[in-house]
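The values are calculated or read from the model by the stated rules, or taken from the named source; none is laboratory data. Source: prediction; values computed, not measured. In this analysis, Cβ positions are derived from the backbone assuming ideal geometry, glycine residues included, and neighbour counts consider all displayed protein chains.
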Amino acid sequence: MQLLRHIFNFYINSSIHVALAVFCLSCLTLIEFNIKYNENILLFIFFATITGYNFVKYFGIAKFHHRRLTQKLKIIQVFSLICFVFLCYYAIKLNTNTIYFIAILGAVTFLYTIPFLPKKILLDEAMNLRKISGLKIYVIAFVWSCVTVVLPLIDSGIAFDWNVIITGIQRFIYVLVVMLPFEIRDMGYDSIKLSTIPQQIGIRNSKIIGVLLLMPFFFLEFFKDDISPISITALLIVTVFMAIAVLLAKINQPEYYASFWVEGIPIVWLLISWIGITYL
């Protein structure tokens, strides 16, 4: 039992779970726009998510405490390096326009983590985009939207139209909403200078905003040129799951409430869509 717990903790802490969520959202984009399974872009996204998330999460620790890193963190570092190698392998198989766009997203991730701004611009000591007051959640939502919607479409050569814009907005809203349980959980740890949504308006109002955002998230689907009963049903179920996730969020929540259950919603979303397409 202890071994299984260690494996599960590694699965969460090494960002495999969040990478699987991003992978599933990217698969949903391919399904929505009738693009055949593209191993190169999907696996690039999977390994890039692991590498990027671990870089963001553990950069500060590794930088200042590299000689006293715990064994678990060292293992995650080695694992991240292996994922980076796979990232590079799949990157060379992508087209030029995709690489250019990846470079832009990579720069955003770099600036999100690495101190580069004068202290007078910020409200905290770490001089990066992550620490700019109130900006964190929007940067994450923007990057997730670009990675899971724009990136697969660019690599597949799909022209941007109204449907792409709507899907991008939906994905942006999705991330804003599912981030709320994380921000509520972290209220006891985050610096007040971060000005997260719960810090600015309180937990109750954050939940209200989260539920209200689910209305455009769902109803925007009806403005697309092509909609299907399967996509509407899957989206409705996911919307209900998201509402429950936000409403049940609290500061002292179960250990894996946000990091596993909330983070795993895209996996359920893809599974529902796949079952609908395959058997209905």
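Some notes on this structure:
- In the set Ala258, Ala249, only one residue is modelled with pLDDT of 95 or more, crowded, with 17+ Cβ neighbours inside 10 Å, touching a Gly at 6+ places or on another chain (Cβ under 9 Å) and closer than 26 Å to Leu135 by Cα; that residue is Ala249.
- Where Asp225 falls short, out of the listed (1) part of a loop (DSSP other than H, G, I, E, B); (2) closer than 15 Å to Leu176 by Cβ; (3) not basic (Lys, Arg): (2)
- Qualifying positions in the range 168-189 - among the aromatic types (Phe, Trp, Tyr) and over 14 Å from the mean Cα position of the chain (by Cα): Tyr189
- Residues of the range 115-155 satisfying the condition of being of a type in the set (S, T, N, Q) and at pLDDT below 95: Asn128, Ser133
- So Tyr112, is it at pLDDT 95 or above and of a type outside the set (A, V, I, L, M, F, W, C): no
- Candidate set from the range 242-261 (those that are among the aliphatic types (A, V, I, L, M) and within 21 Å of Arg171 (Cβ to Cβ)); member that is nearest to the chain's Cα centre (by Cα): Ala258
- Test result for Thr239, buried (at least 18 other Cβ atoms within 10 Å of the Cβ) and either polar (S, T, N, Q) or free of Cβ contacts under 8 Å to residues at least 24 places away in the same chain (or both): yes
- Scanning the range 186-205 for residues that are of a type outside the set (Asp, Glu), outside any helix (DSSP H, G or I) and without any contact (Cβ under 8 Å) to a residue 60 or more places away in the chain gives Tyr189, Gly202.
- Number of residues in the range 158-185 that are in a helix (DSSP H, G or I) and over 17 Å from Phe219 (Cα atoms) equals 8.
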